[in-house]
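Undergrad: The structure follows.
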Amino acid sequence: MKMRNAQRESGFTLVELVTVIILIGVLSALGIGLFARSSAFSPLVANQQLASATLLAQQAAMAGNSAGTVTIKQTSDDFVFTVGVGTGNARTFSVERAGSSLGGVALPLILTFTKEGNLSGGANIKLTFTGDSTYQTCISSLGAVYRGGCQS
């Protein structure tokens, strides 16, 4: 007596397909909500971009590169932090500024770093990013960028 194995059909059942479609719909609905809110100005992101630009300019100055400056500008739509003004390899960081402002200094502001990585001029600079919330940033005379008011 010979037994034959029945051929198995491969594929997905209707229940599995509907479950996957429902999961994709739920995840996309949640994702759209996250992206819709991310367009608002974030003072924290502005501070992080400024810190990145400052570190890049410090490293360039310490390496003897001419790109040892950061320019902070405020356009109608963005805050723009440019490293290496006037050089062919300038790098720009920008943060959307919808309904926000930057107080504390007159803009555009050009920060220049010495070969030691210190801020040229030797004074602390206090910036205040305002929008949905207020975020104070200090650039110390040693070139460090940190949250909050400047220490004396």
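Undergrad: Scan the range 1-52 for residues that are modelled with pLDDT under 75, more than 26 Å from Gly148 (Cβ to Cβ) and assigned to a helix (DSSP H, G or I) and report the count.
TA: Going through the range 1-52 one residue at a time, the tally reaches 5.
Undergrad: So which strands (runs of 3 or more DSSP E) stay within the range 74-152 end to end and still have 3 or more residues that are buried (at least 18 other Cβ atoms within 10 Å of the Cβ) and at pLDDT 75 or above?
TA: Working: elements: 78-83, 91-96, 101-103, 109-112, 125-130, 134-139, 145-147.
Of the strands (runs of 3 or more DSSP E) lying wholly inside the range 74-152, those with at least 3 residues that are buried (at least 18 other Cβ atoms within 10 Å of the Cβ) and at pLDDT 75 or above span 78-83, 125-130, 134-139.
Undergrad: In addition: Which count do you get for residues in the range 118-152 that are aliphatic (A, V, I, L, M) and either without any contact (Cβ under 8 Å) to a residue 12 or more places away in the chain or farther than 12 Å from Ala51 by Cβ (or both)? If you could, list the steps in order and put the result at the bottom.
TA: Step one: filter the range 118-152 for residues aliphatic (A, V, I, L, M), giving 119, 123, 125, 127, 139, 142, 144-145.
Checking which are either without any contact (Cβ under 8 Å) to a residue 12 or more places away in the chain or farther than 12 Å from Ala51 by Cβ (or both) leaves us with 119, 123, 125, 142, 144.
Looking only at that region, the number is 5.
The values are calculated or read from the model by the stated rules, or taken from the named source; none is laboratory data. Bear in mind that the values here come from a model prediction, so they are computed numbers and not experimental data. No Cβ is skipped: glycine too gets one built from the backbone with ideal geometry, and neighbour counts run over all protein chains shown.
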